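Note sheet for the following structure.
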Amino acid sequence: MRLSRFFLPLLRETPSEAQIVSHRLMLRAGMIRQEAAGIYAWLPLGFRVLKKIEQIVREEMNRAGAIEILMPTLQPSDLWKETGRYDAYGPEMLRIRDRHDRELLYGPTNEDMVTEIFRAYVKSYKALPLNLYHTQWKFRDEVRPRFGVMRGREFLMKDAYSFDLDAAGARRSYNRMYVAYLRAFSRMGLKTIPMRAETGPIGGDLSHEFIVLAETGESGVFCHRDLLDMPVPDETVDFDGDLEPIVRQRTELYAATEDVHDAARFEREVPEDKRVSARGIEVGQVFYFGTKYSVPMKALVTGPDGKDVPVEGGSYGIGVSRLVGAIIEASHDDAGIIWPAAVAPFDIALINLKSGDAKTDAACDDLYAKLTAAGKDVLYDDTNERPGAKFAGMDLIGLPTQIVIGPHGLEKGLVEVKSRATGAKEEMSLEAALKRLATS
RNA sequence: CGGAGAGUAGCUCAGCCUGGUAGAGCACCACGUUAGGGACGUGGGGGCCGGAGGUUCGAAUCCUCGCUCUCCGACCA
C-alpha cells in the first residue's frame, strides 16, 4: 500500500480525552475515531489489526473443534424473558422497540439465543459434544465507558458456547477452550495468565479469566511467578486427547484477581520469592455454567439410556476489540506502538527519504514490487514529507520492520533495515535487504 | 449512579472575570528555498464560539435550562 493512496490520519498531538497509553496511541496512529462515548469507528489501520486478531482467534477456535456461526446483534426480548435475564440484566442492556412496538435488545451476550438454536435442532447425545461460536459486535451500556476500546460500550467479542451430555464432558469442552485460549493469546504475542474467577451461583472451580499483565490494568492480580514463563502448547496439541494435565499444571498454582484473592492462601501456597503482585487486563474468560440456560429453556437431549436430560453448557469469551488496546498496553515505547508481527497492520514499512529523486524512487518502487510479490504486506511511504516526519510517523504506527532508502545510502549501494522493537539499525545492499525481508 | 470539570478552526489551546465585527501554534492549500529523526519564508482557505431561551442598542463573554464529552469513585469482555 502506498501511503499517498492510503487513509492514515496521524495526529501529532494527543487528543485531550485520552488518558491511557493505548487510547492515546490508537488515536494518534489514526486507528480509531470516537463517535460517541464508548463507541468507535475503526479506521483502516485499526481495522487491519482487529481483523488479524479476529482471524487468529478463529483459527484457534477451529483447531479446537468449535464451529463458527453468526448470530444477529439484535435479539427479541422473548428469549431473555424465558431465562429471566430480561429483568435481571438491568440498565446495562440496551432495549429497543421496532415499528410494531416489539421489544428488541442489542445483545450483550448470546447464551439465550444459542441455546434456542441448539434446542431447535439437537435432540440426541450423538450430536455431542458441540461447540458453536461467533465473533460479533456486542453492546453493554456501561455507566462509564473509558480507556478507549479497552472499555467501550460497543465491542467486538468472540463468544463460544459448548454443549455436552454431562459434567465430565463439559469439563473436557472447558479444557479445550482453555488450551485454545492459551494458544490464541500466545500467537498474538501476549503472555496471558489464567486466573481463578467468580463462578457465580454454580460454584466449582471452572471459571478462569485470562489476564495480560500491564501497569495500566484495571484489576489487581496475584499469582505464582512460575506461571509467567510456562510454555504454551504448540499446534500439535491433540484437542481430542486428554488436556487435563495441561490445565492442571496451571490451575494448581495460585493465580487470582483481587475480586477472589485470598491473601492467606496466597501466602501459604506461594513461596515469598515466587509471589507476583501486579495489575492486569482481562482479555478472555472461560466459564462453565451447567444447566443454567438449558433448564429454563428446556434444551434437552436424549442420552444413551433413552432419558432426556438438560444439556450441560459453558461459554467462552474473548474481547477482540479490547485486545487491540491490550496488546498496545503490553507493547509500546515513548515513540509509539510496537506491534507483535502476527497482529501488525502491515509487515514492513518502506520509507522513501526523498521522493521525487529519480534513483531513490526507482529503488523504492522496485523493492516495493518485489516484496509485495513475495507476499509481504508493505506500507510504502512515498509521500513528500521530510525524513524526520516519516521516521516519527512510522515509529508511531509500529510496524515490525522499517527499511529506509535515501540518496546518500544509495550512492554507496546501501539501505538501512531497522527493527522497531529493538531499534537496531543495519546497513546492507538492496539485494540483501530484499532477501532478508522477503523470507523472514 | 454519586462527585468534579470541559464544550471556541481537523488537533492542542488562548480570549470570557471587566459585553463592542473571533485569535495563536500545529495541520491544510499555493509558490519558493530545503531535505538522513516531526524544516523555513511569503501568501491563502477554514468557525451558526455545542444547543435553546433570556438580559442588552449590542453576547463567545452575563443569566436560565437541556444536550454532549471527559475525569475521580461504585459496576463490567
Of all residues in the stretch A:395-418 being farther than 16 Å from A:Tyr368 by Cα and part of a helix (DSSP H, G or I), which is farthest from RNA strand B (Cβ to nearest atom)?
A:Ile397
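Residues checked against (1) within 19 Å of the chain's Cα centre (by Cα); (2) hydroxyl-bearing (Ser, Thr, Tyr); (3) within 12 Å of RNA strand B (Cβ to nearest atom):
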site: A:Pro9; (1), (2), (3): no, no, yes
site: A:Glu35; (1), (2), (3): no, no, yes
site: A:Pro44; (1), (2), (3): yes, no, no
site: A:Met71; (1), (2), (3): no, no, no
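When you scan the stretch A:385-393, do you find a residue that is part of a loop (DSSP other than H, G, I, E, B) and under 28 Å from the mean Cα position of the chain (by Cα), even just one? Steps first, please.
So in the stretch A:385-393, the residues part of a loop (DSSP other than H, G, I, E, B) come out as A:385-386.
After this cut, where a residue has to be under 28 Å from the mean Cα position of the chain (by Cα) as well, the list is none.
No, the conditions are met nowhere in the stretch A:385-393.
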Residue by residue through the stretch A:417-433, note down the ones that are surrounded by 11 or more Cβ atoms within 10 Å (Cβ to Cβ) and among the β-branched types (Val, Ile, Thr).
A:Val417
Return the pairs, sorted by first residue and then second, in which the second residue is assigned to a loop (DSSP other than H, G, I, E, B) and more than 8 Å from RNA strand B (Cβ to nearest atom), the first residue lies in the stretch A:390-411 and is more than 21 Å from A:Arg436 (Cα to Cα), the beta carbons are less than 6 Å apart, and the residues are 6+ apart or on different chains.
A:Leu396/A:Ala29; A:Ile397/A:Ala29
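Across the stretch A:22-52, what is the total count of residues that are in contact with a helix residue (DSSP H, G or I) (Cβ under 7 Å, 6 or more places away or on another chain) and more than 15 Å from A:Asp395 (Cα to Cα)?
Applying the first criterion (in contact with a helix residue (DSSP H, G or I) (Cβ under 7 Å, 6 or more places away or on another chain)) to the stretch A:22-52 yields A:22-23, A:25-26, A:28-32, A:40, A:42, A:45-46, A:49-50, A:52.
Filter again for more than 15 Å from A:Asp395 (Cα to Cα), leaving A:23, A:32, A:40, A:42, A:46, A:49-50, A:52.
Selection size over the stretch A:22-52: 8.
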Filter the stretch A:118-162 down to the residues that are open to solvent by 10 Å² or more (accessible area, probe 1.4 Å), touching a residue at least 40 places away in the same chain (Cβ under 8 Å) and more than 14 Å from RNA strand B (Cβ to nearest atom) and list them by number.
A:Arg119, A:Val122, A:Lys123, A:Ser124, A:Tyr125, A:Ala127, A:Leu128, A:Pro129, A:Leu130, A:Asn131, A:Leu132
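Quick one: would you say A:Ile96 is away from RNA strand B (no atom under 13 Å from the Cβ), assigned by TED's automatic domain parsing to the domain that holds A:Ala184 and touching a His at 6+ places or on another chain (Cβ under 7 Å)? Don't jump to the end; show me each part of the working.
On the way: away from RNA strand B (no atom under 13 Å from the Cβ): yes; assigned by TED's automatic domain parsing to the domain that holds A:Ala184: yes; touching a His at 6+ places or on another chain (Cβ under 7 Å): no.
Criteria not met by A:Ile96.
When you check A:Ala184 against the structure, is it farther than 30 Å from A:Ala344 by Cα, among the small types (Gly, Ala, Ser), assigned by TED's automatic domain parsing to the domain that holds A:Asp308 and open to solvent by less than 50 Å² (accessible area, probe 1.4 Å), yes or no?
Judged against the criteria, A:Ala184 is not a match.
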So which pairs qualify, if the first residue must be in the stretch A:9-32 and outside the structural domain of A:Pro44 (by TED's automatic domain parsing), the second must be assigned to a loop (DSSP other than H, G, I, E, B) and near RNA strand B (Cβ under 8 Å from one of its atoms), the Cβ gap must be under 8 Å, and the two must be at least 6 apart or on different chains?
none
Considering only the stretch A:55-68, I want to know if a residue exists there that is within 14 Å of RNA strand B (Cβ to nearest atom) and within 22 Å of the chain's Cα centre (by Cα).
yes
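Quick grid of which residues meet (1) in a helix (DSSP H, G or I); (2) of a type in the set (A, V, I, L, M, F, W, C); (3) in contact (Cβ under 8 Å) with a residue 40 or more places away in the chain; (4) touching a Phe, Trp or Tyr at 6+ places or on another chain (Cβ under 7 Å):
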position: A:Trp339; (1), (2), (3), (4): no, yes, yes, no
position: A:Lys354; (1), (2), (3), (4): no, no, yes, no
position: A:Asp361; (1), (2), (3), (4): yes, no, no, no
position: A:Asp365; (1), (2), (3), (4): yes, no, no, no
position: A:Leu371; (1), (2), (3), (4): yes, yes, yes, no
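The values are calculated or read from the model by the stated rules, or taken from the named source; none is laboratory data. Everything numeric here is computed off the predicted structure, so don't read it as measured data. We place every Cβ from the backbone using ideal geometry, glycine too, and count neighbours over all the protein chains shown. Side chains included, ligands, DNA and RNA excluded: accessible areas come from the protein's heavy atoms. Shrake-Rupley method; radii C 1.70, N 1.55, O 1.52, S 1.80 Å.
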